[in-house]
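Values in this text are rule-based calculations from the coordinates and carry no lab data. On a predicted model such as this, the values are computed, not experimentally measured, just so you know. When we count neighbours, we look across all protein chains shown, and the Cβ atoms used for this are built from the backbone with ideal geometry, even at glycine.
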Amino acid sequence: MRYAVAPRLTRERGGDAAAHAARCLAPFLALTALGMAISLRAADVLQGGLAANRSPVISRAPSTSRYGYSYAPSFSTDMLRSATSGTTCHSMRTTGTIIGDVRERLMTKKSKLSPEVLVERHVHPSWIKRAPLKVAIIGSGNWGSAIATVIGQNTLKYPVFKDTTTMWVFEEEYEGRNLTSIINDDHVNAKYLPGVELPHSVRAESSLIEAARDADILVFVTPHQFVRSICERLKGIIKPDAVAVSLIKGFEVVGGPQHCEPDTEKVAAAGGAEACKEMKTEIRLISEVVNDILNIPCAALSGANIAHDIAHRQFSESTIGCESHEDTGVLQLLFDVPYFKIGMVKDVEGVQIYGSLKNIVALGAGFVDGLGLDSNTKAAIIRMGVEEMRRFTKVFYPSVQRSTMWDSCGIADVITTCYGGRNRRCAEAFVRGGSVTWSELENTMLNGQKLQGVLTAAEVFDFLSANDYLELFPFFHQVHKICKREEPPESIVGAFASEDLRPSEIEWRGI
């Protein structure tokens, strides 16, 4: 009942009680409204809305954005002064007007700025001078087609981009027609993203060279094992001032005998077969592969992104890691739409590593689901996997920022993949299918697309074993052994359910 004291006093006793309540509550309400107004940058709306009630509480003073454009509002102290003076409730009524106006803004579109203003405000002048910019999508599978629905919207919306976006399609027949013809005529990728209309601005191109020619921004979205050969084909074709964005979740392992025999591109890059075998086994991130071969900077996009959900415009987030301050604005405008929000960080390494390793964690979660175990077990397995993701970055990539794990590319992506991703689904079917192979699951469940988690688990195992670090990553090791059928799926739990005490961080070589 104590929460009703102030209203009751106001009704019954009036006068001094009402004034006292107004003076007590008004400062807090004013501060709340001020903070909300600042976050929405709603100076103009509030100033106009309050002009009829009392003197303006918001004044606009010139200030400069990061690229020289004025937009930041300057707030006076009139709001607080009016809220804390006098003995009537007029201050509260004024504050109520503010709060109602801000609430209305929250429930409607928050930004009414035109695309031209957004380009001027966020895109670096060096990019504006080169406009209109050509965007090329390298890859057209499930994820490539889903991201094309986003990019196709934004290239039409923002004048800094060319209207037409080219998308390289590995030519194949589907139901008696070439896939490029289906996409260009019907505006749908009937094989890999059926039922979703692609923007008419997206043009399928069967020639990799023609799709990428004269592109200012290259969006790579292919299985990671094909990136090197694709880049080798593009060498000498790409504009020297182009930039790339990798949407690929995986990395390349080079060096050592197991990585030198079948891959001619890796052997050539290492200086021959013998030199390759003598190389120390190491990891190459996709951004590094692109940069090494094409000599252009490469950012990375990764997040809690199920392609089907994004294609059907369900709200989600993603993270772009980009080291160049000049490139952040144009890349954010290219990918950001109301239902697919983009956060920008400088940690290109962290975005890619977390995006790759989470697929191994998802396999473990799928094994648990296939065994019919409950939530406690699944949570424990996911926790072990996340811990080894963190440990991996701390040992091999100490420059990775801890905050990156808490963005969409980190823990959010782990959650999504462990409950709804293709790696989890295929791992569950692997357990329940008895003797089914991964290739069979790719054909039956993924329509022929490649499953990245199994390959990443093998590559991480090769890297860790070659560098004598397997003991620090028992979860990754166990997932790999189950994938190879060296141990039964039940070992995903049995390997850790022992009478031994759980090791502390101190025991992990201080890591």
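Here are the numbers for this structure:
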read-out: Directionally averaged projected area (convex hull, Cα atoms, segment 288-384), nm²; value: 8.1
read-out: Separation of the Thr164 and Glu387 label points, Cα + 7 Å toward Cβ, nm; value: 5.5
read-out: Cβ-Cβ FRET estimate between Gln449 and Leu501, R0 fixed at 51 Å, reported to 0.05; value: 0.75
read-out: Nonlocal amide H pairs with Tyr174, under 5 Å, H built at 1.01 Å; value: Leu179
read-out: Rg/Rg_globular for segment 107-229, with Rg_globular taken as 2.2 N^0.38 Å and Rg from C-alpha atoms; value: 1.15
read-out: Distance histogram in 10 Å bins (all Cα pairs of segment 116-188, percent per bin); value: 18, 43, 25, 12, 3
read-out: Which listed pairs, of Lys134/Lys341; Lys162/Lys239; Lys112/Lys346; Lys358/Lys481; Lys249/Lys346, have C-alpha distances above 20 Å, in listed order; value: Lys134/Lys341; Lys112/Lys346
read-out: Principal axis dimensions, largest first and in whole angstrom, of segment 330-414 by Cα; value: 46, 34, 16
read-out: Residues with amide H under 5 Å from that of Ala299, placed H, sequence gap 5 or more; value: Ala244, Val245, Ser246
read-out: Alpha carbon convex hull of segment 393-482, volume per residue in cubic angstrom; value: 114
read-out: Inter-probe distance in nm under a simple model that places probes 7 Å from Cα toward Cβ, at Glu173 and Phe396; value: 4.3
read-out: Amide H partners (placed H, <5 Å) of Arg284, local residues excluded; value: Glu252, Val253, Val254
read-out: Additional length obtainable on full extension of the chain from Asn295 to Lys280, 0.36 nm per residue less Cα span; value: 3.0 nm
